[in-house]
Structure formats: C-alpha cells, structure tokens
Amino acid sequence: MSELKIVGHSPSRIDGLDKVSGAAVFVDDMDFGPNLLHAEIVESPHAHALIRSIDTSEAESMPGVVKVVTGEDYPYTFGLYMKDRYVFARDRVRFVGEQVAAVIARDPKTAKRAARKVKVEYEELPSVLDLSEALKPGATLVHPELGEYECCPWFFPRGGTNIAHWRKTRKGDMQKGFAEADHILEDTYTVPRYAHCAIEPHVIVGRFDAGDRLTLWSASQSPYTQRHVMAEALAPFGLKHKDIRIITPYVGGGFGGKAGVSMEIIGAVLAIAVKGYPVKVRWNRAQEFYNTYQRQGVVARIKLGAKKDGTITAIEHTMHWDAGAYVEYGANVVNAAGLSATGPYRVPNVKIDSVCVYTNLPCGGPYRGFGYSEFHFGLESHVTRMAQELGMDPVEFRKKNAIAPGDTLPYGAKMNPGNLQEAIDKVATAVEWGKKEEPGGPGKVTGKGFALFWKAPAMPPNAASAAFLKFNEDGSVNIAVSGMEIGQGLLTVLAQIAGEVLTVPISKIRVETPDTDRNAYEWQTVGSHVTWGCGNAVRSAAMEAREKIFDTVHRAKGLKKESLYLEAEHVKSTDDPAVALPLKDFVIDGIMVEDGTWRGGPILASGMFMPEFTSATGDPETSQGGHPNVHYTVGAAAASIEIDTETGKVRVLKAVLAADVGKAINPVLVEGQIFGGLLQGLGTVLYEEIKYGKDGRLLNANFTDYKIPTAMDTPDEIVPIIIETPQPDGPFGARGVGEHTMIPAPPIVANAVADATGLRIKSLPITAEKIALALKGIDYESVRGNYMGLCFKGRPEDYEFKTG
Amino acid sequence: MKKIARRTVTLTLNGETRTVDVSPSDILLDVLREKLGVKSPKAGCERGDCGVCTVLLDGKPVRSCLILAIEADGHEITTVEGLGKDGMTPLQQAFIERNAFQCGFCAPGIVLAATALLNENPNPTDQEIREALSGNLCRCTGYDSIVEAIKAASRGGRDE
Amino acid sequence: MPLVQEFDYLKPATLGKAIKALAGRQGAQVLAGGTDLIAWLADDMADPGLLVDIKGIKGLGKIKISRGEVSIGCLVTFSDLLTSSRIRKKAPLLWEVAGRVASTGIRNRATVVGNICSAVPCTDAGTALLVYDAVMDVRGPDGKREIPLDEWFLGPRETSLKPGEIATGVRFGLPEGKSGACWAKLGRYRGEDLAQASVAVLVSGDYEYKIAFGAVAPRPIRGREMEKRLEGRPLSDALIEEVTALVPETIAPITDIRATREYRLEMVKVMLGRSLLAAVARRGGLSPKYGTSVI
C-alpha cells in the first residue's frame, strides 16, 4: 500500500470552527417560532406504588395550558431489546421520578405551575431496594407480567421472578479446572451505579403536522433506532417508519446516555397530542440524573484458579446486576458482561452467570464500557491478588495468560487480531513498573497498579451502517451518514477515510449530521463501532464513487479502466502521463466527447456495511456457538499514585494507557479518547458516588454533590500509547476505542492503592474518606449511614449469591 | 395573583445596544437565548455548577443562570458571538488547531473564561489556567488539550 | 428554565429607601450577588414577592483598611478580596479563603457578607471571620446596630438579622505585631467544593491563637478551650496532640451525603495540626506560602 496521505494524520476537526465560534447548533438552540409549546412532567414521589387516580382538572383549567396527558392515553409498550416500558406509568410507578403525566402549555412557567396542580393518588407497594430480597422466592415483583413481555430471541427472562435476563456462559469442565489449580482465590466485589453527566441534558422537540408527518429534533446518539422504536410503539396512531423523521444536530456528549429511547418518546406522543404545534420537552439537570439511563450497579463474585507457574485454569464469575425499573436496554449490558467477563485472558474452563435483576430504582442502561467498565474493577483487582498470592509479578502473570489472536473466546469463537503483549510491555515501560517512586513528603506513600482491558461492541448480529456520498460542482463532497458526532470526532474521521480514497482534501468534504429522511442508515452510535462500521460504509461509498468516476473517464476518453488512478483531485493514467483530468470539471457535468454529446453526469454513490459473520445463536445454557461479538479491542493500563496517609487523598502521578486500535485514522482524536476516558474512569473510582436514600430517592441529583472531574483533577501526567495491529475488516485496518479508555481506571487505582498501603478495597468508589478511615482502623461500612449506591448495602462479603 | 409589571432592560450585547422587555423573575440566560438571539451560552445545570452559561458581564465571567435579566440593565454582556466578529481570536485559533474540544457544548463557556483569564494574566501558569477553568465542566476531553491550547495562545501561538 | 415564582423588583439608590422597601413587603429579600438566592429560588425554597437589589447603593462595595481596622462593605465580592493587594498583605487569611470559594464565575458575583448571611453550616467567610472576632454592621427600620459574629449564627440558615434589616458590612481589627494564619478546607476532590469540614487558625502577638471550625456543627464555632490551652505557648508536637485531643468535644459533626461523622472528626484533627503549624510558620515569614493548601 502506498503511503497514506490523510488517514493516519491528525488534521484539525472539521467541526472545530463551529464549536469554538458558538455556531454549533444543539437541539435546544433551535428556534421553532411563537407556537412552540412547552411540557412539564409530573413525577412519582414513590419508588413503587399503584396509581389509584389522577385528577388533571385543575391543571387543565389554568390559562395557558393546552393539554394534559397521562399514561391512560398511551397503552403502548416500547423498548430496544425488551418491551417492558410504557411512555407514562400506567397502573403503577416503579421508581422515584418516573413520569406519570405531562402538562403542555404555552410557556414553561405555566407548564411548571400547572404540573404541580395535577393530583395523583398512590397506593404504596413494598419497594424492591435490595438485590437479595429481590431474588428471594415470594419477593415483591417489579414486573408481575414479565413472562408475557416481547424480547429479542437471545434474552432469557424468568416470568414470575425479578430476573429479567440471565446470560450463562459455560466452557470446559469447572471441576477439572479447579482441581488442576494449585491455588484458588475467591472473593466478592461491588460496583455502584454511576451517572453519565453529559453536559448537554436530554431534550426533544416534536411536531406532528397537519399532514400526519411526525418530525422530531432529538439530542440522540441513535436517530434511526429511535425512529424504529417509536414506529413500533406508535403504530396504533397509524404511523409508519416513513412518517417519522428524526433530525439530530450536534450532541453535547452522549457516553451511552443518549442512546436508545428514554425520555424522547415523551416528545413524540406529546407532539401527536397537540397536532400542528411544535412541543419541547427539556430535562433539567436533576431529571438528567434520575430519569435517564444510569450505569447499573453490580455485585460480582469471582473464583479464580491458577497453577503455581501462573497459568489460569478456571474462572467462575457470577454477577448480580441492580438493573432498575425497566431493562429494555440495560439487559444487554448484563448480556455483554455475561459473554466476556473472563477478561482478555486465555481461560480453558469458564463459568459466567450474569443475572439482570429488576429493582425499584431508575433504569440501568448503556454507559461507556457497557458492562465491561463494571466487571473489570473486580476482575483486574482479583488477578493482581492472585499473582501476589502466587508470589508472581502481576504484570508477568498477565503476560503469561493474555489472550492472543486465534485463541478461543469464552463462547467458542476465535479471538481477532490485537497485540496485548505489546500493550503490556509498552505500558510497563512507560510507568516504570517495578520501580518504587519516592513519596513527595512525610506521611505519603506511593504505589503502582496495572490492569488489562478488552471490549467488543455489544450489538445485535445485524447492526448495519450505510453512507450516501455525492460530489458538487467544485469537486467538493457531501457525505450523509447517521453515525453521530457526539464529540469523538466521527465526522472528521469519515471525511479522512473518504478523502484518502478520493484524494480530496478534508477541507472540501462536508459530513452532515443525521436526518433520517436524507441520510443513510446507522444502527446507533454506540459500542465504539462507528469508526469501523460507518467508516467501512463510507469507504465503500467512496470506492463506488471512484468506480463511477473511472467509468465516466473510460467511456469518454477511451482510457483503460485498470490504468486509471486518482491523485490530488485529478484522474490520471499509467498509460499516458499527460492525462490529468480535474474532478471538478466533470463530477456534475460529465465529459463532452467529439460529437458534442456528453458522457457521465453527477457522481453519487452509496455504501453499506453489515457484519455478515456475526450471529446470536449461542446455546441458551452455555452461550457456545455463534459469533455474537464482532471483534475486541484490547489494551493495558497502569497508574502510579501517591497517597497522603493522614487524609486518604490520592494523587495520580502518572496514568498510562495503551490500546490496539488497528489503525488510528486520526491519532490526535484517539489520544483525545484516552485523555477523556481515563479522566472519566478516574472520576468513578476516586469520588463519583451516587447516593440513594432508603426510600429509593436519589439524594445527589446535582453537580454540587455528584462530583465530576474538573480541570484541577487531572493526573500529573497521562501517557497515551497507540498500537496498530490491523483489523482485517476495518477501514484502513481500524477498530474502535471510544469506550475502552475508561475501563481500566478503577482497577489500576485499586491495585495501586493496595500496593501503596496494603489496603484491598473491594467496593467502589475508593474515596479519600474510605482510605483514611481504613488506615485509621475504622470500618467504613459500619459508619456510612443509610445511603446506598446500588440495591445492596453492606460489605461485599455479606452478599449471598442466591437466585430464588 | 397580582400582575407584576414588565420592565424594559437596556444593555450592550456584543457591542450593540439592545432593548428587551422582561419580567423581574426572568433569568438572564433564558432572555439571552430566547429573546436576544444568542445561543452560545447554554443551560447545563441552572445552579451555577457547570459553567456552560458563562457570559462576560463588564468583562468578567459570571453565571448567567444565576443572574436575573433585569440585573443586566445598563451593563455590557459579551458572548462568544461577540468575540469572533472580526474573525477568530488567536485563542480561538489555538483551540481549533489543537482539536481542543470534542462535543463542543462546554466550548463557549470555556472560550470566555479563558479569554477573561488572558486579558488579566497574559502569561498564566498551568495551575492558574486550571484554577480559572475549575468552574467549567467538560466531560469529554480530560481538559489537557484545552489547557495546552490556552498555553499556546498565551505564548503567541508558538510551540515550546 | 424559568423560575416558578413571580416577584417585583426594586433597585433603590439609598440604604434608607432599601429598608423602606423591605418593610413594605413581608417576605421580601435582599438581592446582592444572587448566587445563593437565585439557586434557592430555582429550587423553589422561597417565594419572596419582592426582591430589593442593593447593588445600586453607593459606598457599600468598599474595602477599607485604616488604623488597624478592616471594614468590608456588603457588596464586596470574593473576587474583590482576591484581587486586593491590601487584603492579601494585611488579612492574608481572607485572601486564602477567597481563593477557595467556588470558582471564578461565582466569585465575581458572590459577596462576602452574602455568604455570612446565608449562614450555611459550611460558610467559608463566616467561619474564617470568627477568628478575627468580627462584627456585623446592620441597618434596619430601628436604625443601626452591630452584632458580634459569634452571636450572628443561630443555626443552619438562621441568623440574628431581624426581618427588614440589611447587613451593610463586616469589620474586624487587625492583630498587632507579627501574625500568621491558615485556612484549611476539606473537599472531596481538587475541584471546587463545599467544605466537608473547615478550620481557620490565626496566631498573633505573643502566641495568642484563635481557632474556628466550619461544616462540623449547625453553625461555625470557635475552639475556645483549645485557644486557652494554647495561649502564650509556642507549638510543639505534644501541644498539638493536646489540643487535637479536644476536637471530639469541640465539634459536633454529622454523617450526611457529603461525609461521615467519623471522617470529619479525623480530618479536623489532621487539619488543625497542619493549620497550627502553617500559621505559626507564616507568622515567622516561612513557608508554606499563603494559597498553598495544607489539606
């Protein structure tokens, strides 16, 4: 392959000017004229209650109120992988803050005032706020009708219980595996819920016009999937897919929270309720915390067996997930973890049980890492402990067991390319593994921690991407995709891919944000897969355009197609060095031939990429068979920290992360993911903490008391390392990396804290408070008060893994 | 309820005198966005914690979500729309060239906070930059790319 | 998103008119910086009916230092303190406090007196000014009065201010001779945070110590017993241990969503020891420099 001119380089983002000048338009910035109506939601104050009655009469009679709707009006379920949600709660509410009714008014103030006048009578039910209670026989059921819910064929709900899904992976022979082990280590770890905290809150504007056309402007990662979920749910209104148009401009951060359909369906039904008027539903920050997806909490038990030379013989990993009131999306997080919770290791004997449990807390759902962020904390803490108990260096232990291309995955398929050994070596070198750092003063101690990570996109086996591409009169290009620009730089990367193929500089390529009427299909911008999937589609479209260009030149000039190539926006021929046809001359007009007639015309193309090798046909009892995950991106990370033993405060001196991305289409953007993801991950281990009261109400639904990293909280140094072992089916060899950079942060810190202080903390977050109290011999669990971060309040070792 | 009289507010917005009718309880952020046509200050938390509502009031960064529109009467407000009227400033150029931002939602607030910082302190240290930005939350970038761009701008765009 | 409340708004030009306006409407509130009040209204915690904006009254925004007394007008913001070279020189404790209040955008509006009037248990200005034996100046329908700061705080969000009164400023005397001080504010991370616990120490003259604690009781408090033990004595490890042992009986922290009682107790001990050492060092012109956090 000749040297790449655009791919592999780091041109400035094509949306940089828009964002720095204030020109970038987000949904809430759009103007809809004086007829824009505003909605305010009436929310449940209870975690679990029957709705006895709703009196909307006073609200309806207020001047300025246009309409009031309740769950009565919408007997339609929806959901991405399982249909377990109504648009508004109907017979019962299942979490504090759940939407019960909505007031639509001429102005937001009136809507707010009127919402307070809606009178709802509840009859409280026992709340399911404890995982072990939820799993006991005879437990209160969050979804008594679970057995009747429609769900995708690779989910296994247990009607009559609170188990919404149970993914089992079984490989080899566990008895034999543990018998072969010289040492077995078993322990439990807990990880609480977390909030995405994208800076832009969720917002949607809907307009159902007189021609029965529903248009939605949505801050979403997934316009086409939103359209699909809504088309299915709203079919009773007579709407079909073609009647719904979803437009998504720039999105102010997603991290998974703006995937799927959460509050957006409210905008859709309200638009239908006030035909002819645009209506806006905008979440405030508190609602952003308690009424969108949260990252689920999990209690995980790991039993690891290894020989004295460090070879892993068996892993048994059981995870009970606090999945919340509705799991239409979150059940797939549980599923994804259930397939891959061995971590990136060669393990001959595997038993994974990943149990998705309904609870009366907000919905769990997709969050950067999608189950992998959640399970790597326990797993990588456990791996380091095993190494130490064997008297082995934790890095050596990992090198010995690291999965390699061609190895068998937990569910039987084969591992894709990716150089974990190189990642481990480079990270170990960069963090100076083995060298004890000098503490910066009295009372301070230092330590280092290491972790591996892997993740595959967790998608249905037919998640496709597509692209439309066309040339303009000046030789510039428009590309219309539905992959979302959520900050990762997708638009720029796609322009680079097309530019490389067509030899057009990216300053002449516009990549348009989605409009489901005009842009080609994309399943969702999740799973770290769009550089790969949508990138493939764009490359395919660019190649088709190139084909058409060569065809036109061939027919007009008689030159052999095989002799043609593109260079610097010109068509050239190896047969005749004098040939240099500027693209702009003919990509719209065509080429005139001798007799004055024309050949060719506007060059436009399309591309589509569907991974045709994936399948979700694994055996329900073992997950063996099929190829559920397209490929994994692997990597390693390490942290060097200093702890003030009096205060427990952790200072990250250095954080190193290496990811094998196949091919960095834009290296600076990949580094952006490493810097951003690491810091987001460090937030979850060092101070981010969701706190629920015992009534299930979220107590810190604001930035005052849910602290996310500021510019003062960055590590002293971050070392990003890019490794490139090509992905054969990726555009120019690329694989994804968006989520991966967050995954190893908690275990590298946990392992570093253990290295520095001897404290092994098995529940997140590892705050200064926990460390300081532990160092003073005070047991945090017994003094923490009545707050909980997931539906389990207690020491990890107190959780009994019983399922009925 | 007794009807509260609306007031006329006159302010200088991005160099231009503007007049708008407000109710005393109207928030400056909302009036800027809905009545005065500037969309760059955003609503992120509406409690003064996240900084995306930042505007310059008489040259100083403030939280427009915690200011009543009526308090702006007689004052000067600058938003990002007003900074780049004659082309991007060197600071904005540095942000663009270095791919400092990702989703861009926090960018207007940070551009203003950094502009105010460099006006007061043309050669800030790394610590001073981070302190000046400590009230502007960014979830995407990890901040280092933003801090590096500000440093580059303060060195006149030169790389060190 | 708009406020639900409707209220009238006045911006009088004189203090007299402001007091009259407040008297004319029950529940009316004073608006200065607004960073606390507007957030309070946005959370629907009050329905004032009338806001009296005092930012138009001349003379209330001054920092005066003369004849050993510092006087801070009620419109002085934390940014004003931070950029005042006189405050940095003469009352460096306040300069250090100001630098750790919230962030620039808030400091440019939030007033010192407003922070004291909010009387939240974690008040930064209210806690630090206790060590200066500061006095609040108040004006109301019955004229002027002054209230010593340690009689000001009655409980969370409760002060001695009577309805219709306006706090016009706070003043305190500067210690004579050499002095050193230290402000320690415990947060959950390095970014801006409300204090989980705070300690202010002022040492002056012949080792006269003043100590105050914030966020560890319903209101900020002085450690008077500790001050007695320390009086006249240069610091030593044994002395620090002696006063640190008094922490559990001096403060009354609770467990809330920000921190546990136990962590607050342990940290106040650490912060007290470090603040005493820093204050004494600074009194001698030694490091740590003001502005360097000891916690």
| task | Would you please name the residue that is nearest to A:F471 (Cα to Cα), looking only at residues in the stretch A:597-628 that are hydrophobic (A, V, I, L, M, F, W, C) and within 23 Å of the chain's Cα centre (by Cα)? | result | A:M608
| Which of the residues that make up the stretch A:497-523 are within 14 Å of chain B (Cβ to nearest Cβ) and either of a type in the set (D, E, K, R) or under 24 Å from the mean Cα position of the chain (by Cα) (or both)? | A:T513
| said: If a residue must be more than 7 Å from chain A (Cβ to nearest Cβ) and part of a loop (DSSP other than H, G, I, E, B), how many such residues does the stretch B:29-41 contain? | reply: 5
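Output the residue which, of all residues in the stretch A:677-712 that are among the charged types (D, E, K, R) and out of contact with any strand residue (DSSP E or B) (no Cβ under 9 Å at 6 or more places or on another chain), is surrounded by the fewest Cβ atoms within 10 Å (Cβ to Cβ).
Only one residue tops the list, namely A:D695.
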| query | All but one of (1) crowded, with 19+ Cβ neighbours inside 10 Å; (2) hydrophobic (A, V, I, L, M, F, W, C); (3) in the same structural domain as A:A337 (by TED's automatic domain parsing); (4) more than 30 Å from A:W154 (Cβ to Cβ) hold for A:V630; which doesn't? | reply | (4)
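Going by what's in this entry, would A:K649 be described as touching a residue at least 40 places away in the same chain (Cβ under 8 Å), surrounded by 16 or more Cβ atoms within 10 Å (Cβ to Cβ) and touching a Pro at 6+ places or on another chain (Cβ under 7 Å)? It would help to see each step written out before you state the result.
Details: touching a residue at least 40 places away in the same chain (Cβ under 8 Å): yes; surrounded by 16 or more Cβ atoms within 10 Å (Cβ to Cβ): yes; touching a Pro at 6+ places or on another chain (Cβ under 7 Å): no.
Spelling it out, it is not the case that A:K649 is touching a residue at least 40 places away in the same chain (Cβ under 8 Å), surrounded by 16 or more Cβ atoms within 10 Å (Cβ to Cβ) and touching a Pro at 6+ places or on another chain (Cβ under 7 Å).
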| remark: Only unsatisfied item for A:A451, checking (1) among the small types (G, A, S); (2) surrounded by 22 or more Cβ atoms within 10 Å (Cβ to Cβ); (3) part of a loop (DSSP other than H, G, I, E, B), is (3)
| said: Just to confirm my filter: which strands (runs of 3 or more DSSP E) fall fully inside the stretch A:201-291 and include at least 3 residues that are more than 22 Å from the chain's Cα centre (by Cα)? | reply: A:203-208, A:214-218, A:278-282
| Hits in the stretch C:142-157 (condition: exposed (fewer than 12 other Cβ atoms within 10 Å of the Cβ) and touching a residue at least 24 places away in the same chain (Cβ under 8 Å)) | C:G155
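Conditions tested, residue by residue: (1) surrounded by 21 or more Cβ atoms within 10 Å (Cβ to Cβ); (2) not in a strand (DSSP E or B).
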| site | (1), (2) |
| --- | --- |
| A:L80 | yes, yes |
| A:F88 | yes, yes |
| A:K117 | no, yes |
| A:E123 | no, no |
| A:A139 | no, yes |
| message | Just to be sure I understand, how many residues within the stretch A:665-676 are more than 9 Å from chain B (Cβ to nearest Cβ) and surrounded by fewer than 24 Cβ atoms within 10 Å (Cβ to Cβ)? | response | 1
| request: Kindly indicate whether any position in the stretch B:58-66 is crowded, with 24+ Cβ neighbours inside 10 Å, in contact with an Asp or Glu (Cβ under 7 Å, 6 or more places away or on another chain), hydrophobic (A, V, I, L, M, F, W, C) and in contact (Cβ under 8 Å) with a residue 24 or more places away in the chain. | output: yes
| request: Spot the failing condition for A:A24; the list is (1) crowded, with 24+ Cβ neighbours inside 10 Å; (2) farther than 24 Å from A:I199 by Cβ; (3) within 14 Å of chain B (Cβ to nearest Cβ), and only one is missed. | output: (2)
| Unique match (being surrounded by fewer than 24 Cβ atoms within 10 Å (Cβ to Cβ) and among the β-branched types (V, I, T)) among B:I27, B:I4 | B:I4
| Which residue out of A:D73, A:D91, A:D18 is of a type in the set (D, E) and within 14 Å of chain B (Cβ to nearest Cβ)? | A:D18
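Say whether the condition of being within 14 Å of chain A (Cβ to nearest Cβ) and either touching a helix residue (DSSP H, G or I) at 6+ places or on another chain (Cβ under 6 Å) or surrounded by fewer than 24 Cβ atoms within 10 Å (Cβ to Cβ) (or both) is met by at least one residue in the stretch C:199-211.
Taking the stretch C:199-211 and keeping what is within 14 Å of chain A (Cβ to nearest Cβ), we get C:199.
Checking which are either touching a helix residue (DSSP H, G or I) at 6+ places or on another chain (Cβ under 6 Å) or surrounded by fewer than 24 Cβ atoms within 10 Å (Cβ to Cβ) (or both) leaves us with C:199.
Yes, there is a match, as at least one residue in the stretch C:199-211 is within 14 Å of chain A (Cβ to nearest Cβ) and either touching a helix residue (DSSP H, G or I) at 6+ places or on another chain (Cβ under 6 Å) or surrounded by fewer than 24 Cβ atoms within 10 Å (Cβ to Cβ) (or both).
Working carefully through the options A:D755, A:D705, find the one that is assigned by TED's automatic domain parsing to the domain that holds A:P366 and part of a loop (DSSP other than H, G, I, E, B). Lay out the reasoning, then the answer.
Values: A:D755 fails: part of a loop (DSSP other than H, G, I, E, B).
None of the other options fit; the residue is A:D705.
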| remark: When the stretch B:67-83 is checked residue by residue, the ones that are part of a loop (DSSP other than H, G, I, E, B) and either surrounded by 23 or more Cβ atoms within 10 Å (Cβ to Cβ) or not assigned by TED's automatic domain parsing to the domain that holds B:E16 (or both) are B:I67, B:T79
| In the stretch C:1-89, which helices (runs of 4 or more DSSP H) lie fully inside it and hold 3 or more residues that are more than 14 Å from chain B (Cβ to nearest Cβ)? | C:15-23
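For (1) more than 14 Å from chain C (Cβ to nearest Cβ); (2) closer than 30 Å to A:P405 by Cα; (3) crowded, with 24+ Cβ neighbours inside 10 Å; (4) not aliphatic (A, V, I, L, M), each residue gets a yes or a no:
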position: A:E724; (1), (2), (3), (4): yes, yes, no, yes
position: A:R735; (1), (2), (3), (4): yes, yes, yes, yes
position: A:M742; (1), (2), (3), (4): yes, yes, yes, no
position: A:P747; (1), (2), (3), (4): yes, yes, yes, yes
position: A:T757; (1), (2), (3), (4): yes, no, no, yes
position: A:G777; (1), (2), (3), (4): no, no, no, yes
position: A:G785; (1), (2), (3), (4): no, no, no, yes
| message | Condition first: among the aliphatic types (A, V, I, L, M), more than 9 Å from every other protein chain (Cβ to nearest Cβ) and crowded, with 20+ Cβ neighbours inside 10 Å. Now tell me which residues in the stretch B:111-137 satisfy that. | response | B:L112, B:A114
| Name the helices (runs of 4 or more DSSP H) wholly within the stretch C:102-218 that hold at least 2 residues that are more than 17 Å from the chain's Cα centre (by Cα)? | C:104-107
| task | Go through the stretch B:68-99 residue by residue and tally those that are out of contact with any strand residue (DSSP E or B) (no Cβ under 7 Å at 6 or more places or on another chain) and of a type in the set (V, I, T). | result | 3
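With hydroxyl-bearing (S, T, Y) and either in contact with a Pro (Cβ under 8 Å, 6 or more places away or on another chain) or surrounded by fewer than 16 Cβ atoms within 10 Å (Cβ to Cβ) (or both) as the only criterion, which of C:T292, C:T244, C:T260, C:T255 stands out?
On the way: C:T244 fails: either in contact with a Pro (Cβ under 8 Å, 6 or more places away or on another chain) or surrounded by fewer than 16 Cβ atoms within 10 Å (Cβ to Cβ) (or both); C:T260 fails: either in contact with a Pro (Cβ under 8 Å, 6 or more places away or on another chain) or surrounded by fewer than 16 Cβ atoms within 10 Å (Cβ to Cβ) (or both); C:T255 fails: either in contact with a Pro (Cβ under 8 Å, 6 or more places away or on another chain) or surrounded by fewer than 16 Cβ atoms within 10 Å (Cβ to Cβ) (or both).
Within the list C:T292, C:T244, C:T260, C:T255, the selection yields C:T292.
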| field | Check on A:P461, buried (at least 21 other Cβ atoms within 10 Å of the Cβ) and more than 25 Å from A:T552 (Cβ to Cβ) | value | no
| said: When the residues of the stretch A:39-69 are narrowed to those that are touching a residue at least 40 places away in the same chain (Cβ under 8 Å) and among the hydroxyl-bearing types (S, T, Y), which ends up surrounded by the most Cβ atoms within 10 Å (Cβ to Cβ)? | reply: A:T56
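The values are calculated or read from the model by the stated rules, or taken from the named source; none is laboratory data. Everything quoted here is computed from the prediction, not taken from an experiment. We place every Cβ from the backbone using ideal geometry, glycine too, and count neighbours over all the protein chains shown.
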